[in-house]
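Written out below as structure tokens is the structure these notes cover.
The values are calculated or read from the model by the stated rules, or taken from the named source; none is laboratory data. These numbers come from a predicted model, not from an experiment. Methodologically, a virtual Cβ is constructed for each residue, glycine included, from the backbone with ideal geometry; neighbour enumeration extends over all protein chains shown.
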Amino acid sequence: MAQITYREAIRDAMSEEMRRDERVFLMGEEVADYQGAYKCSQGMVQEFGPQRVIDTPIAELGFTGIAVGAAMSGLRPIVEYMTWNFALLATDHIINSAAKTYYMSGGKVTSPMVFRGLNGVAAHVAAQHSQDFASWYMNIPGLKVIAPSNAHDAKGLLKAAIRDNAPVVCLEHEVLYGLSAEVPEDDNFTLPIGKAHVAKEGSDITLIAYSMMAVKALEAAQILQKEGISVEVIDLRSLRPLDTDTIVKSVSKTHKAVVLEENWAAAGVGAEVMAVISDNCWDELDAPVVRMSQLPVPLPYASNLETLCVPQVDDICREIRKVLGK
Amino acid sequence: MPIDILMPQLSPTMTEGRLARWTKAEGDKISAGDVIAEVETDKATMEVEASDDGILHKIIGEIGADLLVGSPIAVLRGKDESVAADYTPTSKAKKAEAAPAAAAPAAESVAPVAAPPAPVAAAPMAAAVLPKINTTGATAAPAAASHSTGGRTKASPLARRLAEQQNVDISTVIGTGPNGRVVAQDVLTGGRTAGAGRPITRMADSVIKLTPMRKTIASRLTASKQTVPHFYLSAEVNMNALMSVRTQLNAHLESQKIKVSVNDFILKASALALKDFPAANAAWNVDSVVQFGNVDISVAVSIDGGLITPVVANADQKSLVSISAEVKQLASDARAGKLKPEQYEGGSFSLSNLGMYGVDDFSAIINPPQAAILACGAATERAVVTDGGIDVASVMKMTLSVDHRVIDGALGAELLGRIKHYLETPVVLVM
């Protein structure tokens, strides 16, 4: 085990997989010479050379198309977006080319590739740089979507994503990049895509979250523990496929649930998880399921307003007490 | 082809039966019409007859098992037929609701309605057999149910499921969740409920499995007490004249070994009074009131394991002597578990008498869907004031429980007054 940051875990995952499989390569804006806008590819161009760590122009639609074509032709590209906000231009290739072609070709054409970058609310970067796109991509058949909340999961899930034959969307988080965790050094360490993780066991209520919200969920659970409230925290890890079994098992035990997301509520991740609970746990529910989401406005730049718009640890604690009638 | 013998539906309301006894064994030769088993239904113990000839190949239903109507209980085969070892009978059981009885033509003045479900029980006898066990928590009067608005109880799905499993009426549980919602904890801690919940059992206690009859008594009387708005009217009856007539009558009938009881007089008096006030000979029917064309009186009879209310039909038209004979026969059939459904279903009014136990007076629970029940205590000698003087008289106290949805106070009072009048004018009852 080594104590490394999330951004180092991302770098290690990519480097290990590139050493393991020469078909794997990285492309994106500033990934080579600048070693990543968020330093997620530090030292990689030095190790693998400009043939496999490729700087692209600021043209997401174009370079994503090149990457999808490369994947269809037998390579295994990793595409880094400086942020998922900029990948809006590339959605035609992510969705129409990468996600659908396997189905439309009757399974003859695969797109084994990873689209990755930071997602969600960072810190005072305003509306056009702060959106959580989780629900957009988890809506698409043909894609897999992962959203790791710590360095350990980031490495295990990203390595699994690179080895996966389906196109995988990896939603990272700027605030998490600097956080450290114990990460296995084993080159073969992977985590299964489609499995959620019970990050903390509890008996009174299930708190379901992903990415940055899973970190806030654990903080809230620690605070509530001191008040005698036992919170079970589920870190979804994967959003598509969604680990229905783990959700159902936990809610059937605690009989109450709160879902967290940085997304807006409408048609969001919370809505999907609530539907899973309603479909599978109706007779187990002892309280209405609650979702906590970003307020339905473009996220303000001002720090105080930004804080008000996004569920914070105190808000989560308050909501849980309310659900429990305490 | 082997023939499957299925649990028969022996009464319109029967959904499951408990196998009480097999009267034939595997290998026995069976002719159509032979009694092969006895089944305890929600009302009585009834015989199951074979409908085909053959050999009783295999008995499937175990004694004491509760089986849904349509479940296989045995397999019949032909005399020389061999049945495959892996032959499995086909179940036709379904979790059906009680099949509604066919529409019974009512009196001309009212629209025909489905026959009301068979009444079973009258009140205090059921209470008398309740186990005396310490219950958890308070048995205080129910608090104002703030969670229950407009007839719907706010309860979580889990709380509802737990309540159903534990046979707790969710509307009696006081909700402590947000917005007064009943949550699982409220159902589990019976102490917060208004009278429901489970007792604490200790080593010395025994837990008795519910018989179908006990389940029926429990559900019907709970529903009655909780949903029927009861009110009670009491009156004292001077029984001197009646006692004297009864003594003379019984002396006269002694050679025929007939003995008319006080209860027979009360039954006849109630029947005549109901005939006089047809509006009281009625039942609530959800969106209408049914006025019965006949006066059929249900009589509460205490039997082993519970009670049942056989019906004396057209009691207003029968003589005291024939009422007496009929009640005796019904009571003895009831105790033998031999009543047929048509003998205990229907009835427009119930009579419950605990006078023979020395009870002074009591209030009975209405036997749904009926609208009234008369509860009679013992006739005892008391000092009464007559014409300014004090006399000794035999006095009986009776209490009429009335469904206010059907019968208002004045009508109930008139009915009770008329019963009192007939009891105090007993010659009319002997006519």
Task: Positions within segment A:7-62 being out of contact with any Ser or Thr (no Cβ under 8 Å at 6 or more places or on another chain) and aliphatic (A, V, I, L, M), in sequence order - done: A:Ala9, A:Ile10, A:Ala13, A:Met18, A:Val24, A:Ala37, A:Val45, A:Ile54, A:Ile58, A:Ala59, A:Leu61
- [ ] Determine whether segment B:297-304 contains at least one residue that is under 28 Å from B:Met431 (Cβ atoms), of a type outside the set (A, V, I, L, M) and at pLDDT below 95.
- [x] no
TODO: Report yes if A:Leu143 is assigned by TED's automatic domain parsing to the domain that holds A:Arg76, modelled with pLDDT of 95 or more and in contact with a helix residue (DSSP H, G or I) (Cβ under 7 Å, 6 or more places away or on another chain), otherwise no.
DONE: yes
- [ ] Would you be able to tell me the number of residues in segment A:201-229 that are more than 20 Å from A:His173 (Cα to Cα) and either assigned by TED's automatic domain parsing to the domain that holds A:Ala160 or of a type in the set (Gly, Ala, Ser) (or both)?
- [x] 4
Open item on the list: Restricting to segment B:263-293, name every residue that is in contact (Cβ under 8 Å) with a residue 60 or more places away in the chain and not in a helix (DSSP H, G or I).
Closed with: B:Phe277, B:Asn281, B:Ala282, B:Ala283, B:Trp284, B:Asn285, B:Ser288, B:Val289, B:Val290, B:Gln291, B:Phe292, B:Gly293
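Matching residues to (1) under 14 Å from B:Ala74 (Cβ atoms); (2) surrounded by fewer than 19 Cβ atoms within 10 Å (Cβ to Cβ); (3) under 24 Å from the mean Cα position of the chain (by Cα):
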position: B:Met7; (1), (2), (3): yes, no, yes
position: B:Leu10; (1), (2), (3): no, no, yes
position: B:Gly33; (1), (2), (3): no, yes, no
position: B:Ile36; (1), (2), (3): yes, no, no
position: B:Lys43; (1), (2), (3): no, no, yes
position: B:Met46; (1), (2), (3): no, no, yes
position: B:Ser51; (1), (2), (3): yes, yes, no
position: B:Gly54; (1), (2), (3): yes, no, no
position: B:Lys58; (1), (2), (3): yes, yes, no
Task: Elements of type helices (runs of 4 or more DSSP H) in segment A:1-84, at least 1 residues being closer than 16 Å to A:Ala154 by Cα, modelled with pLDDT of 95 or more and touching a Pro at 6+ places or on another chain (Cβ under 9 Å) - done: A:6-20
- [ ] Would you please name the residue that is nearest to the other protein chains (Cβ to nearest Cβ), looking only at residues in segment A:308-317 that are surrounded by 20 or more Cβ atoms within 10 Å (Cβ to Cβ) and aliphatic (A, V, I, L, M)?
- [x] A:Ile316
Task: Top-ranked residue of segment A:287-307 - restricted to ones that are within 16 Å of A:Glu319 (Cβ to Cβ) and either touching a residue at least 40 places away in the same chain (Cβ under 8 Å) or within 14 Å of chain B (Cβ to nearest Cβ) (or both), ranked as surrounded by the fewest Cβ atoms within 10 Å (Cβ to Cβ) - done: A:Pro288
Task: Given (1) in contact with a Phe, Trp or Tyr (Cβ under 7 Å, 6 or more places away or on another chain); (2) small (Gly, Ala, Ser); (3) free of Cβ contacts under 8 Å to residues at least 24 places away in the same chain, number of the condition A:Ala275 does not satisfy - done: (1)
Open item on the list: Filter segment B:321-377 down to the residues that are closer than 16 Å to B:Ala269 by Cα, within 16 Å of the chain's Cα centre (by Cα) and hydroxyl-bearing (Ser, Thr, Tyr) and list them by number.
Closed with: B:Ser348, B:Ser350, B:Ser352
TODO: Please state which of the following conditions A:Lys256 fails to meet, knowing it meets all the rest: (1) more than 14 Å from chain B (Cβ to nearest Cβ); (2) among the basic types (Lys, Arg); (3) on the phi < 0 side of the Ramachandran plot; (4) crowded, with 20+ Cβ neighbours inside 10 Å.
DONE: (1)
TODO: Restrict the check to segment B:218-233 and report whether at least one residue is at pLDDT 95 or above, assigned by TED's automatic domain parsing to the domain that holds B:Phe349, touching a helix residue (DSSP H, G or I) at 6+ places or on another chain (Cβ under 6 Å) and buried (at least 21 other Cβ atoms within 10 Å of the Cβ).
DONE: no
Open item on the list: Can you find a residue that is at pLDDT below 85 and within 14 Å of chain A (Cβ to nearest Cβ) anywhere in segment B:205-215?
Closed with: no
Open item on the list: Is it the case, given these coordinates, that B:Val260 is farther than 18 Å from B:Ala364 by Cα and either in the same structural domain as B:Glu40 (by TED's automatic domain parsing) or part of a strand (DSSP E or B) (or both)?
Closed with: no
Task: Selected residue (criterion: farthest from the chain's Cα centre (by Cα)) from residues of segment B:152-176 that are crowded, with 16+ Cβ neighbours inside 10 Å and part of a strand (DSSP E or B) - done: B:Ala155
- [ ] Name the residue, out of A:Ile234, A:Ile320, A:Ile277, that is buried (at least 20 other Cβ atoms within 10 Å of the Cβ), β-branched (Val, Ile, Thr) and more than 14 Å from chain B (Cβ to nearest Cβ).
- [x] A:Ile234
TODO: Could you name every one of the helices (runs of 4 or more DSSP H) located completely within segment B:322-431 that has at least 3 residues being of a type outside the set (A, V, I, L, M, F, W, C)?
DONE: B:341-344, B:409-424
Open item on the list: It is to be established whether one or more residues within segment A:45-57 are acidic (Asp, Glu), more than 20 Å from A:Val183 (Cβ to Cβ) and buried (at least 21 other Cβ atoms within 10 Å of the Cβ).
Closed with: no
Open item on the list: Of the conditions (1) among the acidic types (Asp, Glu); (2) surrounded by fewer than 18 Cβ atoms within 10 Å (Cβ to Cβ); (3) away from chain B (no Cβ under 14 Å), A:Glu262 satisfies every one except a single condition; which number is it?
Closed with: (2)
- [ ] Find the residue count for segment B:217-266, including only residues that are under 23 Å from B:Lys397 (Cα atoms) and within 20 Å of the chain's Cα centre (by Cα).
- [x] 8
